[in-house]
Amino acid sequence: MSRTAIREHAFKLIYSLEIQNKENLNEQIDLYIESNNIENPNSIEYIKDAVLGIEKNKEEIIKKIALNLKAGWKIERISKVDLSILELAIYEIKYKELPYKVVINEAVELAKKYGDDSSKSFVNGILASIVKQ
């Protein structure tokens with residue numbers, strides 16, 4: 001499975017957790033992995049690391065997003081799709097130290113595929129602003 005496909009699975013799980021109860025997080029991760037027939041150990045490790053890492057650092061990640069919003073915008077105004085993409089990208093850049101150009105490109109591709117018309121520009125703008133800091 002390609003890194004892009006693994007990242008997409010991580011995004012889908014992060015998004016589903018944004019809109020539902022986060023109790024039994026490890027159980028939900030395992031259920032997602034099983035129901036999507038993800039068997040590669042590296043893929044499983046990446047997905048678990050991303051979801052648990054985002055949850056562990058959620059407050060700091062949300063703060064980074066909020067600090068880079070336009071004046072008058074609040075975090076609650078961001079769609080759950082865009083928020084999930086941003087959380088994953090910020091986690092990869094700040095905590096996994098992946099090359100930001102790759103991460104931003106992948107995030108924009110997810111935004112094109114799953115977000116609305118303005119998602120790709122919004123995601124790109126927020127991430128570019130965060131990288132500049």
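Under a GNM of the chain (C-alpha, springs under 10 Å), which listed residue has the highest mean-square fluctuation: S84, S35, S43?
S35
Tabulate in residue order the Karplus-calculated ³J(HN,Hα) for region 16-25, using 6.51 cos²θ - 1.76 cosθ + 1.60 with θ = phi - 60°, rounded to whole Hz; enter x for Gly and Pro.
4, 6, 5, 9, 9, 5, 9, 6, 6, 4
Computed from the coordinates I sent, log10 I(q)/I(0) by the Debye sum over Cα atoms at q = 0.13, 0.17 Å⁻¹ equals one of (i) -0.66, -0.95; (ii) -0.61, -0.87; (iii) -0.50, -0.87. Tell me the label.
Matching entry in (i) -0.66, -0.95; (ii) -0.61, -0.87; (iii) -0.50, -0.87: (iii).
What are the trypsin sites (Lys or Arg not before Pro) within region 84-130 that DSSP puts in a loop, where the Cβ has at most 16 other Cβ atoms within 10 Å?
Sparse-neighbourhood loop trypsin sites (Lys or Arg not before Pro): K96.
How far, in degrees from 0 to 90, does helix 58-67 lean away from the longest principal axis of the Cα atoms of the chain, to the nearest 10?
Approximately 20 degrees, to the nearest ten.
For the chain, take the longest principal axis of its alpha carbons; what is the angle in degrees between that and the long axis of helix 100-114, to the nearest 10 within 0 to 90?
80
Quick check: at a probe of 1.4 Å, how many percent of the accessible area of the chain sits on carbon and sulfur atoms?
48
If you count, for each residue, the other Cβ atoms within 10 Å and average over each peptide, how do 45-57, 15-27 line up from highest to lowest?
Going from most to least packed, we get 45-57, 15-27.
Send over a whole-number figure in Å² for the accessible area per residue of the chain, probe 1.4 Å. Present the calculation step by step, with values, prior to reporting the outcome.
Numbers: 7720 Å² over 133 residues.
Accessible area per residue, the chain: 58 Å².
As a check on your grasp of the helix formula, calculate [θ] at 222 nm for the chain: sum -39500 (n - 2.57) over DSSP H runs of n ≥ 4, divide by the residue count, round to the nearest 500. It would help to have the intermediate numbers written out before the result.
Details: 7 runs with 97 residues, N = 133.
Taken over the chain, the calculation gives -23500 deg cm²/dmol.
The values are calculated or read from the model by the stated rules, or taken from the named source; none is laboratory data. Please read these numbers as outputs of a predicted model, since none were measured by experiment. Using ideal geometry, Cβ is built from the backbone for each residue, glycine included, and neighbour counts are taken over all protein chains shown. These accessible areas exclude ligands, DNA and RNA; they are computed on the full protein's heavy atoms, side chains included. Shrake-Rupley method; radii C 1.70, N 1.55, O 1.52, S 1.80 Å.
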